[in-house]
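The values are calculated or read from the model by the stated rules, or taken from the named source; none is laboratory data. As the structure is a prediction and not an experimental result, all values here were calculated from the model. Using ideal geometry, Cβ is built from the backbone for each residue, glycine included, and neighbour counts are taken over all protein chains shown. For the accessible areas, the whole protein counts, side chains as well, though only heavy atoms, and no ligand, DNA or RNA atoms are used. Shrake-Rupley method; radii C 1.70, N 1.55, O 1.52, S 1.80 Å.
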Amino acid sequence: MQDTSDIDQTRRNVLIAGALSASAAAVPIAAAQSPSNSTSTAQTTLNPVTGKVSLTVNGSRFEKDVDTRTTLLDLLREHMHLNGTKKGCDQGQCGACTVIVDGRRINSCLSLAIMHEGAQVTTIEGLGQPGKLHPMQAAFIKHDGYQCGYCTPGQICSAVAALDEVKQGIPSHVSGDLTAQPMLSLDELRERMSGNICRCGAYSNIVDAINEVAGGRA
Ligand code: FES
Ligand code: FES
């Protein structure tokens, strides 16, 4: 039978060998962090690539050099202080950040600001203001189309653009005939608004509000 001190010895050797191979693997990382390389690392961190973005938001011209990684959502909220547009998921799943760009609704969290050079952007602030509400804003209030209100700016921007899509004859996934003028059925409305999530569940009131602005056709 093997002596237990032999077993301990073998185990110790295995551990030492493991530790040596781990430190060997760590050498390139340590080398990468040596003083001779730290300058270039710091420069990469301190000097992001910037680019000029100029666009028109709610009728006002805006121009600025920004980090090219800046999303349209962050440009609106952080650089222009238009906080009506909300950041929910920040990954294209909730619709809270919906704004209208050149007549089309988009998730501004998924779009880089520099991609919209020269564009016309409309946010909730550009649709209407207290005392001069857009009909869709007034309808949301009338029908209690919100509870916490966080998703509401995105819902309203989306609803305004969705009704415009119907007017232009743009079909959705539930349109039976892709070449015919879409009817504003409840199915059409729900499908077109399906990218806007309301965690409070104010959906039926939202549909009532949009339906009223659409002339009660759904
Ligand atoms: S914040 Fe843009 S989709 Fe959720
Ligand atoms: S009203 Fe609260 S998330 Fe929509």
So how do Lys86, Lys64 rank on accessible area, 1.4 Å probe, biggest first, that is with the largest at the start? Lys64, Lys86
Test of the criteria: in segment 150-218, which trypsin sites (Lys or Arg not before Pro) are in a DSSP loop and have at most 14 other Cβ atoms within 10 angstrom of their Cβ? Arg199, Arg217
In terms of modelled amide H atoms, which long-range or inter-chain residues lie less than 5 Å from the amide H of Thr71? Ala113
Thinking of segment 119-174 as a set of Cα atoms, what percent of all their pairs are more than 16 Å apart? 49
Portion, in percent, of the accessible area of segment 50-127 that falls on carbon or sulfur, probe 1.4 Å: 44
Whole-Hz ³J(HN,Hα) from phi, Karplus 6.51 cos²θ - 1.76 cosθ + 1.60, for segment 56-73, glycine and proline x: 10, 10, 6, x, 10, 6, 9, 9, 6, 7, 10, 3, 5, 8, 5, 6, 4, 4
If ligands, DNA and RNA are left out, what is the accessible area of Tyr146 with a 1.4 Å probe, given in Å² to the nearest 10? 80
Rounded to the nearest percent, how much of the accessible area of segment 130-217 (1.4 Å probe, protein heavy atoms only) is carbon and sulfur? 55
Over segment 156-218, average the accessible area per residue using a 1.4 Å probe and give it in Å², no decimals. 53
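Sort Phe62, Phe140 by accessible area with a 1.4 Å probe, largest first.
Details: Phe62 35, Phe140 0 Å².
Descending accessible area places them as Phe62, Phe140.
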I'd like the Karplus ³J(HN,Hα) series for segment 49-55: coefficients 6.51, -1.76, 1.60, θ = phi - 60°, whole numbers in Hz, and an x wherever there's a Gly or Pro. 6, 10, x, 7, 10, 9, 8
Which residues' amide hydrogens lie under 5 Å from the amide hydrogen of Arg105, considering only partners 5 or more residues apart or on another chain, with H built in the peptide plane? none
Report the far tail of the P(r) of segment 50-127, meaning the percent of Cα-Cα pairs longer than 17 Å. 34
I'd like to know how segment 94-216 sits against the 2.2 N^0.38 Å rule of thumb: what's its Cα Rg over that expected value? 1.03
Residue pairs, from the table Lys64/Lys167; Lys52/Lys132; Lys64/Lys142; Lys86/Lys142, whose Cα atoms sit over 29 Å apart: Lys64/Lys167; Lys52/Lys132; Lys64/Lys142
